[in-house]
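Remarks on the structure that follows.
The values are calculated or read from the model by the stated rules, or taken from the named source; none is laboratory data. These numbers come from a predicted model, not from an experiment. Please note: Cβ atoms are built from the backbone with ideal geometry, for glycine as well, and neighbour counts cover all protein chains shown. In case anyone asks, the SASA skips ligands and DNA or RNA and just uses the protein heavy atoms, side chains included. Shrake-Rupley method; radii C 1.70, N 1.55, O 1.52, S 1.80 Å.
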Amino acid sequence: MVNALLRRLSRRSLPLFFLGLPLLLPLPVHSQPTTVERTQNDGEIRDPASETAPPGLVVEAGDAPIDATIALRMQQELSQLLGRVESALIAAQTLGNLGDVALQALDAGGDGVGLGYDDGARVAAAKTLLRDFPELVRQQHYGEARSRWLEARSQLWQSYPNDRPRNSAPEVRSIWLDRGTIVAAGSKAGLEPLFDRLARAGINTVFFETLNAGYPIYPSQITNSQNPLTEGWDPLQAAIELARERGMELHAWVWTFAVGNEAHNRLLGQSSSFLGPILDDHPQWANLDHRGDIRHRGSRKTFLDPANLEARWYLIRIIDEIVLNYDVDGIQLDYIRYPFQDPSAERSYGYGEAGRSRFQDLTGVDPITLSPNQVDLWNRWTQFRVNQITTFVGDVHELLQRRNPELILSAAVFPQSRHDRTHKIQQDWESWIEAGIIDVIVPMTYAADTNRLGRLMTPMLADIPPGALLVPSVKLHDLADIVAVDQMQLIRDLPTSGYALFAAERLVDNLKEILQQTHGENNVAQPIPYRQPFKAALDRHRALKSEWQFILAAEQLWIDDEKLRLWQASDRAFVEALEQLAEQPSRAQVVVTRDRLDQLQQGLPQWLSLHRVNNTYQVDTWEHRLQAIEELLAYGERRLAN
């Protein structure tokens, strides 16, 4: 088992561009703040909830010098973009929609993917620049190097086959449908065009904002209230009906421990001091900071104390009410964390009545007296709070298993390092995966460019344990459509199970048309990976194999006959096992299938060693797709065990 684990870790060959480069800045996300910022006035931490991580690489026209580090990063950036574009072009080619147009050379000396004169010329121009770029920099022709680089990037963006269907594998195509958009719709009739738009764009999963700022969006018997902005109709029931009619899944998106904020107070004409409906009734449930303040000074939100058993039971009852009264397909937990804090500056949370009392019962120490300098006790205090979040996720998982094992549990999570998360927001989602209590992890990887997105995803992909599916996010706010397409392509080329878009209000006009052209309504009928993992794995492999066969038929696969024979034999054995698993799922067949996949994965680097020399991105992508199939097998086995 140890050797198998080591092989699995060694196979996580992530794109060369992202390795060895420092992360410049962490990523702010819509409910999981990731940076420590200080205001000029009071030095307090503020929560950059509405921000997006800045670009990982900014290139501007002009004659400014290009040092060796920047030159390398510019080359790597363009090379990676070239790989993503070619990956998309091949996916379009393998559908056979372009007649007899042949695939041209994919190596660095070729003319690019032959999808018409314009596409081929653009790809070829980018490859020419990659060859010329080091000499331009060496001769200090910085202006020419910059202008040609910017032009090549623009031309590659234009080369994306956004006007045609692609041979796309099954994936989670999800989107958050937020309260503001729901309120603006005003009725089921108002929601209907929105769901039509989502279906046409190929969306198969909607995260529908159901509990926000302490208010249910539906008429609740638990709270005896409904969000005043949606009174007079039941948006949740309307959305479920609209999703069903279009073959889409609808998951109730629940703000968990965040239960009030000043922005929502303004919408309702309430005082800024209003703590939210839950804490207004139960102030003793509040999560307090080390100064005893209820409201987070950065985000202006209020939070429940996760250690308070009454507050936890209240949330469980609301979730139970949703799954008992509404035909939802799953629950998504958001704000499944403590408020953002800075323990190094002794700014921390968790000092509600219950949190302090329970920790003191365990240790004999009131946590309000502790400081990070008291390392052992502080670590126990940190782990105590981490456990409150983890056990609550376990409680929700147990509830859903009891009510309906087919319900999917997902979580919108913070994407930074495990160390930072446990110390700053007490969120350890890796332990949720290891415990088998979460189905889908949706890291809010909001980035202003694809470079930054890749740098955020790379360490996460290297360390994620098996047993759950990973669905990274793209934030559409202030993002050019072509950059959104590019980010989705990167997600697709890495070992993931799909993407999540934030948010529905931004899926309009050109981007909606692009998704309709490339994915479209027909793909809604594909198996959703979290719903049918083994069938999705089989269909994913079929899509991958079609690329292999296409490249081979075009005589662009750099491999000798003996290695090709070994590769084909190993692949046939894997397909036989995978087909049987998809037809008759069993844990015994999972073992057989995984063993044959392991043999295929071990052999591929040897068989494609020559092809990789000039096609690094392509081979990396193929290996990542096999890793994604491996994750589907692990997830499917866990579902079988449950």
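Worth a mention:
- Listed by chain and number, the lysines whose C-alpha is less than 23 Å from the C-alpha of Lys535, apart from same-chain residues fewer than 8 away, are Lys545.
- Helix 142-159 axis versus longest C-alpha principal axis of the chain: approximately 80°, rounded to the nearest ten.
- Dimensions in Å of the range 398-557 - Rg and Dmax from alpha carbons: 17.4, 55
- Cα-derived Rg to Rh of the range 418-472, Kirkwood definition: 0.97
- Length-normalised contact order of the range 215-286 in % [C-alpha pairs under 8 Å, at least 6 apart]: 20
- Gain on full extension, evaluated as 0.36 nm per residue between Gln374 and Leu267 minus their Cα-Cα distance, stands at 34.2 nm.
- Euclidean distance between Cα centres, the range 416-455 to the range 362-380, Å: 26
- MRE, 222 nm, helices only [DSSP H, n ≥ 4, -39500 (n - 2.57), over the chain, to nearest 500]: -16500 deg cm²/dmol
- Counting every pair of alpha carbons in the range 200-288, the share spaced more than 17 Å apart comes to 55 percent.
- Peptide packing for 497-507, 308-318 was compared via the average number of neighbouring C-beta atoms within 10 Å per residue; ordered from the highest value, the list is 497-507, 308-318.
- Coarse-grained scattering of the range 526-642 at q = 0.19 Å⁻¹, given as base-10 log I(q)/I(0) from a Debye sum over alpha-carbon atoms: -0.98
- A P(r) calculated from all alpha carbon pairs of the range 118-255, with 5 Å bins opening at zero, reads 2, 9, 14, 13, 10, 7, 7, 7, 8, 8, 7, 5, 3, 1, 0 percent.
- Of His296, His141, the order by accessible heavy-atom surface (1.4 Å probe, DNA, RNA and ligands excluded), from most exposed downward, is His141, His296.
- Taking 7 Å steps out from each Cα toward its Cβ at Gln549 and Glu151 produces label points 4.1 nm apart.
- Evaluated with a Cβ-only charge set (Lys, Arg +1; Asp, Glu -1), the range 339-468 carries a dipole of roughly 180 debye about its Cα centre, given to the nearest 20.
- Accessible surface ranking for Val396, Val137, 1.4 angstrom probe, highest first: Val137, Val396.
- Along each principal axis, taking the top coordinate minus the bottom one, the Cα set of the chain gives 71, 60, 54 Å in descending order.
- Taking amide hydrogens as placed 1.01 Å from N in the peptide plane, the amide H of Asn261 sits under 5 Å from those of Thr302, each at least 5 positions away in sequence or on another chain.
- Distance distribution P(r), the range 519-591, all Cα-Cα pairs, bin width 5 angstrom from 0: 3, 14, 19, 20, 16, 13, 11, 4, 0 percent.
- A full extension of the chain between Asp280 and Glu321 corresponds to an added length of 12.6 nm, given 0.36 nm per residue minus the alpha carbon distance.
- The coefficient of translational diffusion for the range 474-573, derived via Stokes-Einstein from the alpha carbon Kirkwood radius under 4 °C and 1.567 mPa s, stands at 79 µm²/s.
- Estimated dipole of the range 487-642 in Debye, rounded to 20 [Cβ of Lys and Arg +1, of Asp and Glu -1, Cα centre]: 400
- Each 10 Å bin, from zero up to the one with the longest distance, holds this percent of the alpha carbon pairs of the range 252-397: 11, 39, 34, 13, 2.
- Inter-part distance where the range 459-521 and the range 215-240 are each reduced to a Cα centre, Å: 30
- The distance linking the range 552-630 with the range 287-339 is 44 Å (Cα centroid to Cα centroid, whole angstrom).
- Rounded to the nearest 10 Å², the accessible area of Arg197 at probe 1.4 Å: 50
- Taking the longest Cα principal axis of the chain as reference, the axis of helix 188-200 is set at about 30 degrees.
- Ligands, DNA and RNA aside, Thr382 has an accessible area near 10 Å² when probed at 1.4 Å.
- Of the cross-linked pairs Lys188/Lys512; Lys424/Lys475; Lys188/Lys475; Lys188/Lys424, those separated by over 29 Å at the C-alpha level are Lys188/Lys424.
- The length gained by stretching the chain between Lys563 and Ala435 to full extension, at 0.36 nm per residue less their Cα-Cα distance, is 42.0 nm.
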